[in-house]
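Below is one structure; the comments refer to it alone.
The values are calculated or read from the model by the stated rules, or taken from the named source; none is laboratory data. Not measured: the values here are computed from a predicted model. Reconstructed Cβ throughout: ideal geometry from the backbone, glycine too, with neighbour counts over all protein chains shown. Please note that ligands, DNA and RNA were not included when accessible areas were found on the heavy atoms of the full protein model with its side chains. Shrake-Rupley method; radii C 1.70, N 1.55, O 1.52, S 1.80 Å.
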Amino acid sequence: MTPLPVETATDARWDFAYDDEWFLPLPTARDLASDGGVEAWVDAAVERYASRSTLTDGDLDAIRLTAQGLAGLAGNAATQLWFIPRGVYSDVLVEITVADAEALDERAVLEEIATLPDSAASELIQLETDSHGNGFLLRRTSAVVVDGVARPIANWTVMLRAGEWVIMIEAMGSTLESFALMEEHILRVIDGITLPA
């Protein structure tokens, strides 16, 4: 597991380690403010992806566009990862946030997610972990229209309560094969979180 510094707006310090065989962190605000900013991160991300698979020029163009789009989402959560399986194109984004449980109404979040107007199908699964409390995994499908064609988007939200902390993990992507592969890694993502003492 590779440690990843977590930048938060609060004093609560939590840590995260991820498997760099499967994930690539999105840039932080500091990364984006450095020399080269977004383009430097995009170039490095495309190079990383390309070093792991044989890609055509078309594949590289698609990965570059995806990296640019994901870089535009940087900063939406404390930790953001691009799921990058070998040999398979992926646009799957995973966002991880740890918050003080008293500052978050878990039931209101669940109700809001479950009633999103673009969600077509959903499945709520109870989730129990050995080290990060209990909660749920909400799987849902929505769609986005691209060039007049509806394109399915897989979404899921994990919410766990561990003592005074709530862990929220959100994932979304239109590459359903990659999304299915990513789901196999959810428990490892959860295990990579070290909560504040």
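Would you be able to tell me the number of residues in segment 12-39 that are open to solvent by less than 50 Å² (accessible area, probe 1.4 Å) and part of a helix (DSSP H, G or I)?
Selection size over segment 12-39: 1.
Condition check: modelled with pLDDT under 90 and either part of a strand (DSSP E or B) or open to solvent by 40 Å² or more (accessible area, probe 1.4 Å) (or both). Does Ala171 satisfy that?
no
Restricting to segment 40-58, give me the number of residues that are of a type in the set (Ser, Thr, Tyr) and surrounded by 14 or more Cβ atoms within 10 Å (Cβ to Cβ).
Of the residues in segment 40-58, 2 are of a type in the set (Ser, Thr, Tyr) and surrounded by 14 or more Cβ atoms within 10 Å (Cβ to Cβ).
Of the residues Glu112, Glu184, which single one is among the acidic types (Asp, Glu) and farther than 24 Å from Leu26 by Cα?
Checking each option against the conditions leaves just Glu112.
Give me the residue from segment 174-197 that is under 23 Å from Val88 (Cβ atoms) and acidic (Asp, Glu) and, out of that set, least open to solvent (accessible area, probe 1.4 Å).
Per the criteria, the residue is Glu183.
Taking segment 60-74, which residues are touching a Leu at 6+ places or on another chain (Cβ under 8 Å) and either more than 17 Å from Met182 (Cα to Cα) or open to solvent by 30 Å² or more (accessible area, probe 1.4 Å) (or both)?
Ile63, Ala71, Leu73, Ala74
Please work out which one of (1) charged (D, E, K, R); (2) in contact (Cβ under 8 Å) with a residue 60 or more places away in the chain; (3) part of a strand (DSSP E or B) is the condition Arg188 fails and give its number.
(3)
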